[in-house]
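Any read-out appearing in this document is the output of simple, stated calculations on the displayed coordinates, not a laboratory observation. Source: prediction; values computed, not measured. Note that each Cβ is placed from the backbone with ideal geometry, even for glycine, and that neighbours are counted across all protein chains shown.
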Amino acid sequence: MIGIVNASPLIYLAKIGGINLLPKLYSEVWTTYNVKKEVLRKPTAPESLNLQDSFDSWLNIKKYTNKKLFTKLLKMNIHAGECSIIVLALEYKETSEKNDNIVILDDLASREIAHSLNLKITGTLGVLLKAVKANFISKPQCKQYLKKLIRNTTFWISATLYDKLLDELDRF
């Protein structure tokens with residue numbers, strides 16, 4: 001399965017030390033130039049080196065061609081990176097015989113639009129859960145990642161969702 005990833009999951013996973021889960025979980029990981037520009041705009045950020053290493057090794061930059069759809073999505077107040085990811089995922093879905101891609105983004109409005117376009121969606125939290133299911137990380141490691149995500153970054157989730165995540169981890 002191909003993971004088509006937006007900026008926030010890349011940044012958050014890099015901040016908590018989990019960015020290398022992506023190439024383990026997906027056969028290929030794609031993003032766009034819009035996203036690359038966004039995630040590398042602060043070269044002094046602590047996660048910058050991990051992000052640059054990812055772009056240099058396993059993270060593939062892909063181009064989208066449907067500028068009209070991109071512009072339409074931009075008018076819906078979605079960031080350029082999210083627009084580019086959604087357009088890329090749709091183009092791949094339309095040209096591929098397999099429906100084997102998943103869009104990895106966190107923004108709720110963007111997720112709703114991607115869902116309305118029948119795209120498969122996950123986010124930073126979904127990546128962490130999938131890594132546990134695939135035995136790439138243990139439940140305690142996942143809980144540590146979650147704590148780092150909530151305590152050391154601007155990532156926000158409700159207490160209800162956090163409890164649901166912990167319950168889901170306990171069911172594995």
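With neighbours defined as other Cβ atoms within 10 Å of a residue's Cβ, the residues Glu112, Glu94, Glu38 order from fewest to most as Glu94, Glu112, Glu38.
Three semi-axes describe the equivalent ellipsoid of region 62-172; taken as square roots of 5 times the Cα gyration tensor eigenvalues and ordered largest first, they are 30, 17, 11 Å. For the pair Glu168 and Lys68, a Förster radius of 41 Å applied to the C-beta separation gives a FRET efficiency near 0.55, rounded to the nearest 0.05. Note on the chain: with a GNM built from Cα contacts shorter than 10 Å, the maximum mean-square fluctuation among Leu51, Leu69, Leu13 falls on Leu69.
The lysines within cross-link reach of Lys143, meaning a Cα-to-Cα straight distance under 21 Å and a gap of 8 or more places when in the same chain, are Lys15, Lys24, Lys130, Lys133, Lys164. Per-residue ellipticity at 222 nm, computed for the chain from helices alone with -39500 (n - 2.57) per DSSP H run of at least four residues, works out to -17500 deg cm²/dmol. Result for the chain in a Gaussian network model with C-alpha springs under 10 Å: among Ile113, Ile19, Ile104, the largest mean-square fluctuation is at Ile113. Note on Met76 and Ile61: their simple-model spin labels are 2.6 nm apart, each label 7 Å out from Cα toward Cβ. Amide H to amide H, with H built 1.01 Å from N, Thr32 comes under 5 Å of Lys62, counting only residues 5 or more places away or on other chains.
So if each residue of separation counts as 0.36 nm, and I subtract the Cα-Cα distance between Ala45 and Ala159, what length gain in nm does that give?
The span from Ala45 to Ala159 would gain 38.2 nm if fully extended.
Gain on full extension, evaluated as 0.36 nm per residue between Met1 and Gln52 minus their Cα-Cα distance, stands at 16.1 nm. Annotation for region 36-96 versus region 98-164: alpha-carbon center distance of 18 Å. Among His115, His79, the order by Cβ neighbours within 10 angstrom, fewest to most, reads His115, His79. Counting neighbouring Cβ atoms within 10 Å and putting the fewest first, the residues Trp30, Trp58, Trp156 line up as Trp156, Trp58, Trp30.
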